[in-house]
Structures are given as structure tokens and as C-alpha cells.
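Notes follow the structure.
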Amino acid sequence: MRNIKLTIAYDGTNYHGFQEQRGTGLRTIQETLEDCLTRLAGERIQVVGAGRTDAGVHARGQVVNFRNSKWPIPIERIPLALNGILPGDIVVLSAQDVPEEFHSRFSSKSKTYSYCIWNDRIPSPFYRLYSYFMPVPLDIKAMEKAARYLLGCHDFKCFQASGSTVNNTVRTLYQADIIKDGPLVKLVFTGDGFLYNMVRIMVGTLAQVGTGKIEPGQVLEILQACNRVKAGPTFPPQGLCMERVVY
């Protein structure tokens, strides 16, 4: 049985997230990818994804894997074959054979997400689908100071949206950087794993620091409270992008 790993990029604007929702009529990344793989294989193919991105969320480095004993296409030709039948907003970047025990989700060592904010008085028509528009000036220095409290191993329960069935909410955050390039503010987070909506809630909380609604040191108090209502709002999905997965 072959185990094949694909690295894919996609614009999530027109999809109801990554995970399949068959029978609902809602278009998803997984279902679209599986349909194309099934066409090539001549039999049903199911993939496992490294992360279940929500509706409207994008990816530059999502990873999936699938198993098949009769896969007909040489590994080096898989991207070309798939990209020829996939819609233009999903692209296969690479393909490789991996060991049988490889699992795109459970074998990962870390994941990196970014969130983009367009911070200007005037919105950008070019970034409207890939960032959140904030006309109020952000104090980047204060946000950087607050972000440092998030680094390390913590119980991130306060940054988890309701509806999750995860029991263990302890995660380790290795990176929490804020990069400003003109009006574009990019927040980059790397961790050993992320809770449901964790990045979008962390961004909403740091944005409150940036607008002066809370002090940087209060982020530590929010963490220690382990109470979702203490943290900031969940920012919209279009600013979020899954950047890469490390194995």
C-alpha cells in the first residue's frame, strides 16, 4: 500500500472550509481534491489533512496524505496531472512517497499560521479577501510586547472557541511575530498545535492591545484566567493563512 503526501495551496474564499461536508451541498477543499484524485485513480480516494481550515481561510502549505495500492501516475507527475483538473484556486505544489506510518496531522512537529490586517484609513481592494481591514492605527510595539506573553507552553483554553471537543488545551507556542510592511500588518504564529479558532482569537486580543483597549500585561492575566470571555474577539477568517507544516 503506497502512502502519498501532497503539499497544496488554496484560496479558501469560495469554500466552506477544508473538511468534507458531503450531503450538504457545501463545497469544500477536501471534497474537491478527493473528487479529482478519484478521477485519476479510477477508484475512491480519501485524504487526511494536516489542519481543518475554516470557511474563507487560505493555505500556502497545507499537507494531505492518502493511501492507494494501485495509484497509476508517477510521483513526479502528480502535481501536473492534478493541477490540470483542479479548479484554479487549488494548486498541488509537490508530491512524494512517504512511509506507511506517516499521518499528515499526527506526524507533524509544528504548524505555522499567519494573519494579515490591512491597517489604513482606506481599505485595499486587492487585500480585501486576504486581510481584515482596520482603520484605527495599531500600536505595533505594544502588540509585540503583549505577544511575548504568549510564547512557551501554556493552557490556551481562553483562546479556544466554543464547540471544540478537545480535552487537552495545553499547547506550546514557538513564534509570535508581528511584521509591519506599510499598511499591512502580518502576525505569524508557530506552535506544536492550535486549538479551534486559537489564532483568530489571539489576533483579536492583540488587536485590542494595539488599539489601547487593554494593556500588554493583561494578556498574561487572560492566559491565566483560562476563560474565553476574558480574551478578545474572534477575528474574521479571510485574514488567516496556513503557511506550513513541519515534520
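Quick note: the coordinates plus some simple rules give every number you see, no bench work behind them. These numbers come from a predicted model, not from an experiment. Heads up, the Cβs are rebuilt from the backbone with ideal geometry, glycines too, and the neighbour counts pull from every protein chain shown.
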Relative contact order of the range 20-95, please, whole-number percent, based on alpha carbon pairs below 8 angstrom and at least 6 residues apart.
24
Set of aspartates and glutamates near residue 186 by C-alpha distance (under 16 Å), chain-local residues within fewer than 8 positions excluded
120, 139, 144, 177, 243
Treat every Asp and Glu Cβ in the chain as -1 and every Lys and Arg Cβ as +1, leave all other atoms uncharged, and give the resulting dipole magnitude about the Cα centre to the nearest 20 debye.
180
Considering the Cα trace of the range 110-246, what is its radius of gyration and what is Dmax, both in angstroms?
14.0, 42
For the range 84-170, run through the GluC sites (Glu not before Pro) and keep only the ones in DSSP coil with at most 14 other Cβ atoms within 10 Å of their Cβ.
100, 101
Among the chymotrypsin sites (Phe, Trp or Tyr not before Pro) within the range 70-131, which fall in a DSSP loop and have no more than 15 other Cβ atoms within 10 Å of their own Cβ?
106, 126
Would you compute, for the Cα atoms of the chain, the largest minus smallest coordinate along each principal axis and list the three values in descending order, in whole Å?
58, 40, 32
Give me the percent relative contact order of the range 110-246, please, defined on Cα pairs under 8 angstrom at least 6 residues apart.
38
Quick check on the exposure proxy: order 143, 1, 242, 134 from fewest to most C-beta atoms within 10 angstrom.
1, 134, 143, 242
Which GluC sites (Glu not before Pro) does the range 1-75 hold that lie in a coil by DSSP with at most 16 other beta carbons within 10 Å?
43
Reciprocal of mean inverse Cα separation for the range 29-151 (Kirkwood radius, Å)
17.6
Phi-derived 3J(HN,Hα) across the range 26-43 with the Karplus relation (6.51, -1.76, 1.60, θ = phi - 60°), rounded Hz, x for Gly and Pro, is 8, 7, 10, 5, 4, 5, 5, 5, 5, 4, 6, 5, 5, 4, 6, 7, x, 8
Give 5/157; 141/213; 180/230 a once-over and call out the pairs whose C-alpha atoms are over 20 Å from each other.
5/157; 180/230
Given a cut-off of under 8 Å on Cα pairs at least six residues apart, what relative contact order in percent is computed for the chain?
24
Value of [θ]222 nm, deg cm²/dmol, for the chain, DSSP H segments ≥ 4, -39500 (n - 2.57) each, nearest 500
-6000 deg cm²/dmol
What's the magnitude of the charge dipole for the range 1-125 around its Cα centre, counting Lys and Arg as +1 and Asp and Glu as -1 at the beta-carbon? Answer in Debye, nearest 20.
160
Residue 60 and residue 213 label points (each 7 Å along its Cα→Cβ direction) are spaced in nm at 2.8
